[in-house]
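Inspection log for the structure reproduced underneath, given as structure tokens.
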Amino acid sequence: MKSAEIVWNLSRRARGHHDHIVTLALDPIDWHRFRAGCEDLDDVMIIDAGLDGPNRVVVQCGCSTAAIADRLADAWG
């Protein structure tokens, strides 16, 4: 995977403020599934994503509540 493949809808980054941050380490396939699943959510926003090795994407997500952050970490972390 190349860093150019780590893209998401940048316009969503500017919307809202989320107090709870979760950092996830995903493989490339999970990254694509995760990104697609978060695109239409108001409670979860991808803040940053980058490669950490050839087969690992580190993603920082902002969540509107601690409960959502915990569920996200349990499901994807």
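The values are calculated or read from the model by the stated rules, or taken from the named source; none is laboratory data. Remember, it's a predicted structure, so these values are computed and weren't measured experimentally. Heads up, the Cβs are rebuilt from the backbone with ideal geometry, glycines too, and the neighbour counts pull from every protein chain shown.
A few comments on the model shown:
- Only listed residue being surrounded by 11 or more Cβ atoms within 10 Å (Cβ to Cβ), at positive phi and at pLDDT below 85, chosen from GLY16, GLY77: GLY16
- Filter result for ASP70 (within 14 Å of HIS20 (Cα to Cα) and either more than 10 Å from the chain's Cα centre (by Cα) or of a type outside the set (D, E, K, R) (or both)): yes
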